[in-house]
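Read the structure below first, then the notes.
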Amino acid sequence: MTRREFFTLLGGAATWPLAARAQQPGVPLVGFVNGGSPSPKRVAAFRDGLNEAGFIEGRNVTVECHWAEGHYDRLPQLATELVDRGVAVIILVGGGPTTAAAKAATATIPIVFISGDDPVKSGAVAALNRPGGNVTGVSLLTVAMEAKRLQLLHELVPNVAVVAAIINQNNPQADIQVQELQGAARTLGLQVEVFKASSPNEIDTAFANLAQRRAGAVLMAGDAFFNLRKEQLSYLRPGMRFPRSSVSGSSLQPVG
């Protein structure tokens, strides 16, 4: 299936694919998977887009939403459940792990993603101009932008020599994010202290320990889990813990 066919499918300019109609007779079922937590605004925006294309939920389309809530290990099961339900198309938000899980679950059902990684390097598609297979979408290249974000941070606070980077080690792209940051740090003459955090408690512990590592600024790596912790991150400062968290010890270890 070509990219044009994918967007024709979503835009309503043509009927749903024959294979999809065979799997889901009558009203087609659209599967929506997000690596984050339930967001009424995102669901409403998605439904608005469907409405603009002529697909009205409850009339000529049904939408089933699944949320991983930052737990990437749940994604394979969520994708498999949608495949078993006979969805006509799977819409993905949340980066490479979400796409990988859906691609592993089906080689025939159309998959449309929005991701932050390089879909060619991750193996999601064969090429940007000709994705091939049953997968296509939009990449924001967030992972490749980690170096640029560090450069921007350096321009904003040029006197800071040590930057703390907080990475979610459960993200399959974590190693690439670290490589991008460390490479940029060498070019900029900075020292990057990398902390691994994959839970609210570990984020708390990271901020509590920043002063000990002489970090003058913090860079949060692009990750759906961190997007869920906006309230916590907006409150925290080096040396502080979020008051609503319950921290019992620390499994976080600074590396690099």
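The values are calculated or read from the model by the stated rules, or taken from the named source; none is laboratory data. In this text the structure is predicted, and so the values were computed from the model without any measurement. Here the Cβ positions follow ideal geometry from the backbone for every residue, glycine too, while neighbour counts run over all protein chains shown.
Does segment 201-214 include one or more residues that are small (Gly, Ala, Ser) and part of a loop (DSSP other than H, G, I, E, B)? Scanning segment 201-214, I find no residue that is small (Gly, Ala, Ser) and part of a loop (DSSP other than H, G, I, E, B), so the answer is no. Just one of the listed residues (Pro97, Pro110) is outside the structural domain of Ala215 (by TED's automatic domain parsing) and more than 25 Å from Ile167 (Cα to Cα), namely Pro110. Scanning segment 202-213 finds no residues that are modelled with pLDDT under 90, within 21 Å of the chain's Cα centre (by Cα), of a type outside the set (Ser, Thr, Tyr) and under 25 Å from Phe113 (Cβ atoms). Only one of the listed residues (Thr108, Thr62, Thr98) is hydroxyl-bearing (Ser, Thr, Tyr) and under 30 Å from Asn168 (Cα atoms). That residue is Thr98. Annotation: Gly132 fulfils all but one of (1) at pLDDT 90 or above; (2) in a loop (DSSP other than H, G, I, E, B); (3) of a type in the set (Gly, Ala, Ser); the unmet one is (1). May I ask you to list the residues in segment 219-233 that are touching a strand residue (DSSP E or B) at 6+ places or on another chain (Cβ under 7 Å) and either assigned by TED's automatic domain parsing to the domain that holds Asn34 or without any contact (Cβ under 8 Å) to a residue 12 or more places away in the chain (or both)? Matches in segment 219-233: none. The set of residues in segment 84-102 that are in contact with a Gly (Cβ under 8 Å, 6 or more places away or on another chain) and either charged (D, E, K, R) or surrounded by fewer than 18 Cβ atoms within 10 Å (Cβ to Cβ) (or both) contains only Arg85.
Considering Gly116, Gly49, the condition of being more than 28 Å from Ile176 (Cα to Cα) and not aromatic (Phe, Trp, Tyr) is satisfied by Gly49 alone. In segment 25-48, the count of residues that are in a loop (DSSP other than H, G, I, E, B), modelled with pLDDT under 80 and in contact with a helix residue (DSSP H, G or I) (Cβ under 8 Å, 6 or more places away or on another chain) is one or more. Within segment 193-218, can you find the residues that are of a type outside the set (Gly, Ala, Ser), surrounded by fewer than 19 Cβ atoms within 10 Å (Cβ to Cβ) and either assigned by TED's automatic domain parsing to the domain that holds Pro97 or out of contact with any Phe, Trp or Tyr (no Cβ under 9 Å at 6 or more places or on another chain) (or both)? Once the filter is applied, which keeps residues that are of a type outside the set (Gly, Ala, Ser), surrounded by fewer than 19 Cβ atoms within 10 Å (Cβ to Cβ) and either assigned by TED's automatic domain parsing to the domain that holds Pro97 or out of contact with any Phe, Trp or Tyr (no Cβ under 9 Å at 6 or more places or on another chain) (or both), segment 193-218 yields Gln212, Arg214.
On the basis of being in contact (Cβ under 8 Å) with a residue 60 or more places away in the chain and either outside any loop (DSSP other than H, G, I, E, B) or in contact with a Leu (Cβ under 9 Å, 6 or more places away or on another chain) (or both), does Gly70 make the cut? Yes; evaluated as a whole, the condition is true for this residue.
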